[in-house]
1. I'm trying to understand the selection: among the residues of the range 207-248, which are out of contact with any helix residue (DSSP H, G or I) (no Cβ under 6 Å at 6 or more places or on another chain) and among the hydrophobic types (A, V, I, L, M, F, W, C)?
2. Looking for whichever is closer than 20 Å to Asn208 by Cα and either in contact with a Leu (Cβ under 9 Å, 6 or more places away or on another chain) or open to solvent by less than 10 Å² (accessible area, probe 1.4 Å) (or both) here; the options are Ala91, Ala113. Which one fits?
3. From Leu82, Leu41, which residue is buried (at least 16 other Cβ atoms within 10 Å of the Cβ), in contact (Cβ under 8 Å) with a residue 60 or more places away in the chain and aliphatic (A, V, I, L, M)?
4. Counting only residues that are under 12 Å from the mean Cα position of the chain (by Cα) and among the hydrophobic types (A, V, I, L, M, F, W, C), which one in the range 214-240 is modelled with the lowest pLDDT?
5. Just the residues that are in contact with a strand residue (DSSP E or B) (Cβ under 8 Å, 6 or more places away or on another chain) and part of a loop (DSSP other than H, G, I, E, B), please, taken from the range 164-190.
Amino acid sequence: MFAHIVKKDSGKCRYIEGIQKMKFSIVIPVYNTSAYLRDCLQSVLQQNCRDWEAICVNDGSTDNSLQILNAYAKQDKRIRVLTQTNQGLSAARNAGINAAQGEWLFFLDSDDALASPHALQTLLEVVEKKIELLDSSSPSVDVIAFGSRLWYSEDADRSVPNDLFNHKETNLFPAGLDYLDYFVSTRGWGPSAACFYLWRTAFVRLQNLTFPIGLLHEDEWFVPMALSKAGGVQTMQNVLYSYRLRYGSIAYGKQTRLRAINKLQIAQSLKQELTVPPDKQRIKKRLLYNLARNASHGLKALSGDWWKTKWLMLCNANGIKEYIRVIVG
């Protein structure tokens, strides 16, 4: 799994088999987000569902994020603080997965927040209802997809539509590939944000799913790979996540060559590792096409003629030449 980039975390936190004391493990990676961190933690503390733990992974912050985390941990024992040297968002999330004791994983970025005090309670009711209705002939529900609202910072691009990531209807898909097919067919692009899903912890561990260390846009690898292996996927119309748009964030920050090259590396890995049946090859083609197209636009905007030579050479070497032809002719 992403063997040329992913490596096992060497942290001390490890899941102890058999210890699952709460319903939700909220994994919050933190790196220099002190300006937003209190909003994030307050949104968790205000939940009317109390069956949760928050695993806050301080990824070598150099501002006062760690002090804020420690202060909140003193207020509520359900908030756990792990500290590691700076390794990036993927390594921080992987450390949270290793330490989680809950039945379900919720990834919450430290500059975002839960959309309402009822967010976890809403998920709890869905989880318990689905478990109650399942029988031997029903698919296990491994993933729950919910909606989000955009939370604009002053420097954010306000042209992004506020319902971009929301679901228009409630459905239960028997397999993650069916959901991927539906998503790609109705939207024309692939799902990319791990924060917009609730993940069954046992499923994530059974499939040995981790985020690729050393890459930006890691969600664009993790989410398709995870969904391709998942059992049932439940979609919800409820808006449960507040996603902050700000210029300096990974998703909406300044374009760089590294970001574009990382997208190409993700496309290379997905081409090799994403397994889909013959009748669903369109899913894979669309995912790779979008990654290559986005990389093309980013590099073209950066450096004039550079992209026409170096980027084409890189793509050919990485084996996604057919998608480059679609884009550049």
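The values are calculated or read from the model by the stated rules, or taken from the named source; none is laboratory data. Values in this document were obtained by computation on a predicted structure and should not be read as measured data. Neighbour counts are summed over all protein chains in view; Cβ atoms, including those assigned to glycine, are modelled from backbone coordinates with ideal geometry. Heads up: the accessible areas ignore ligands, DNA and RNA and are worked out on the full protein's heavy atoms, side chains in. Shrake-Rupley method; radii C 1.70, N 1.55, O 1.52, S 1.80 Å.
1. Within the range 207-248, Met225, Ala226, Met236, Val239, Leu245 qualify.
2. Details: Ala113 fails: closer than 20 Å to Asn208 by Cα.
After applying the criteria, what remains is Ala91.
3. From the options Leu82, Leu41, the qualifying one is Leu82.
4. Once the filter is applied, the top-ranked residue is Leu216.
5. In the first step, residues of the range 164-190 are kept if they are in contact with a strand residue (DSSP E or B) (Cβ under 8 Å, 6 or more places away or on another chain); the result is 164-176, 178-179, 182.
Result: Leu164, Phe165, Asn166, His167, Lys168, Glu169, Thr170, Asn171, Pro174, Ala175.
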